[in-house]
């Protein structure tokens, strides 16, 4: 909610339903978010002196820009990502001047922490997860936080030898090791700070659950005893460390990646710039953040196997940090923001993914009671509480051809194939046997159509199999009775749940189709015809002032869009009813389960209301 900021004094926000008001926000400021507001509610403001504003009805209608604003109240800046650490639900992301952000991999929400939340600096250099707590290293000291925010800070007044905290690692006993620009310190469980080594920078720390570990900076030092590891050049700055089954992987500033095993130091790979900034291990594969060389998959013995950069979707080709993400994925921090990288498909998505960005073309839309998914050339974006398991498909690369739902399952059809995800199953992908332009879910099956004909996803054979039409598919639509209607050539055919085909009598050329339980609507040459489902007879034909360009909506509410961007309700009357669209130049329209009408096209998606 926004209002005139000139309003003096604390303001309470009250929500009313049928004349009864309750306070929804106390001492609110413009921009406050009301989490749940029932349909038909009104909102009013109560000033410090008790004065009340006029009650304003809540209207569930959003323009593309408004929808994007609701979907992304906070986003990560394009600042340099200095560190990423992850857990089961997401990641903590530190940046140069952008503070600390909490990013979920199941949606697009971001929580940002900065000086207002108690951090001593918004230059965050290191983060470590310690159960329900966080150790945060900044350019002005060390902070300890829990779920409610910062609970303690250590700086020079507490004996911290230098304010620049490059590395921090829990010690397993309630305290932490702290690496600064001028030495190594340790904080005990009671908060006491002691100096363990000084006069040399400590840039990296790794500690095992048993309390054994290493401190890397100018050479290597064992923890907790403090012995210097022989064979390491003290002029070699160690930026990150990874403990593997066969030894220690060492990322350095000038000599790239080294491997230490049984006292023997072996060079593995040196990028052109010399620096490897971060390491993360997934199974037997080590991933390296190698600056302008990109994200590198490395064999401990053979060296680099694959390299990925901006061409694979990273926001910037300079990779500065990496951490394990959701299964099969990596968090990748770059010089201009964060990405989620899917190893199997070798593509990255800038994260948080743009939810429903205004001004970007949309090619598919699926809407539920409290969520919306939009697909386009950029992939997928979502707003709201998605059904469990669906969030894993937000990483699917575009262009998106179609979206379909079957109960708990989400299907996404792209140029790369058909993807499916649900609550109890990891994402699956089937390759397309031919180019696809259309996809519809009907009678328990996903049907895909294109220039080579009709295909059905057969889960028994685990592939797409040919359907009862080999001619080019021009349009497809499913009714509410389990019948799929397909426009091919000059004809329209019906396909039953078992794949049986019935040809609708007569010639019915159609560029688009919409099937209801009573009739078919066929679009041809700018006009729409209502056709009897059994006989093929044309009951009525409408030609409007502006030609119709597409059909959509639902079986209960058939709609069309004209070349002038007008939305019309076809219905059962003698003439279509005009609706007022909010989107400029929409090309498609759908209706969700709550009766909201959504349109989308070259400038994004928007809701037209109930």
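Things to note:
- Of residues in the stretch 227-245 being part of a loop (DSSP other than H, G, I, E, B) and touching a strand residue (DSSP E or B) at 6+ places or on another chain (Cβ under 6 Å), the one surrounded by the most Cβ atoms within 10 Å (Cβ to Cβ): 232
- Lone unmet requirement of (1) over 35 Å from the mean Cα position of the chain (by Cα); (2) modelled with pLDDT under 85; (3) closer than 19 Å to residue 135 by Cβ for residue 229: (3)
- Top-ranked residue in the stretch 4-41 [being under 16 Å from residue 52 (Cβ atoms) and modelled with pLDDT under 75; ranked as surrounded by the most Cβ atoms within 10 Å (Cβ to Cβ)]: 7
- Residue in the stretch 447-458 that is assigned by TED's automatic domain parsing to the domain that holds residue 476, closer than 20 Å to residue 105 by Cβ and either in contact (Cβ under 8 Å) with a residue 60 or more places away in the chain or not in a strand (DSSP E or B) (or both) present: no
- Only one entry of 477, 535 meets the criterion of being in the same structural domain as residue 430 (by TED's automatic domain parsing), on the phi < 0 side of the Ramachandran plot and in a loop (DSSP other than H, G, I, E, B), and that entry is 535.
- Residue, nearest to residue 595 (Cα to Cα), within the stretch 343-364, restricted to residues that are crowded, with 22+ Cβ neighbours inside 10 Å and either more than 10 Å from the chain's Cα centre (by Cα) or at pLDDT 85 or above (or both): 364
- The number of residues in the stretch 411-441 being touching a helix residue (DSSP H, G or I) at 6+ places or on another chain (Cβ under 6 Å) and in contact (Cβ under 8 Å) with a residue 60 or more places away in the chain comes to 0.
- Qualifying positions in the stretch 368-395 - more than 15 Å from residue 352 (Cα to Cα) and assigned to a loop (DSSP other than H, G, I, E, B): 368, 369, 370, 377, 385, 386, 387, 388, 389
- Every listed requirement among (1) at negative phi; (2) over 24 Å from the mean Cα position of the chain (by Cα) is met by residue 141 save one, (1).
- Residue within the stretch 286-301 that is closer than 27 Å to residue 183 by Cα, outside any strand (DSSP E or B) and in contact with a strand residue (DSSP E or B) (Cβ under 8 Å, 6 or more places away or on another chain) present: yes
- Test: residue 481 is under 23 Å from residue 591 (Cβ atoms) and buried (at least 22 other Cβ atoms within 10 Å of the Cβ): no
- Members of the stretch 365-385 found to be crowded, with 21+ Cβ neighbours inside 10 Å and in contact (Cβ under 8 Å) with a residue 40 or more places away in the chain, listed by number: 365, 366, 367, 372, 374, 381, 382, 383
- Qualifying residue in the stretch 396-413 (condition: over 20 Å from residue 477 (Cα atoms) and assigned to a strand (DSSP E or B)): no
The values are calculated or read from the model by the stated rules, or taken from the named source; none is laboratory data. None of the values given here were measured: they were computed from a predicted structure. We place every Cβ from the backbone using ideal geometry, glycine too, and count neighbours over all the protein chains shown.
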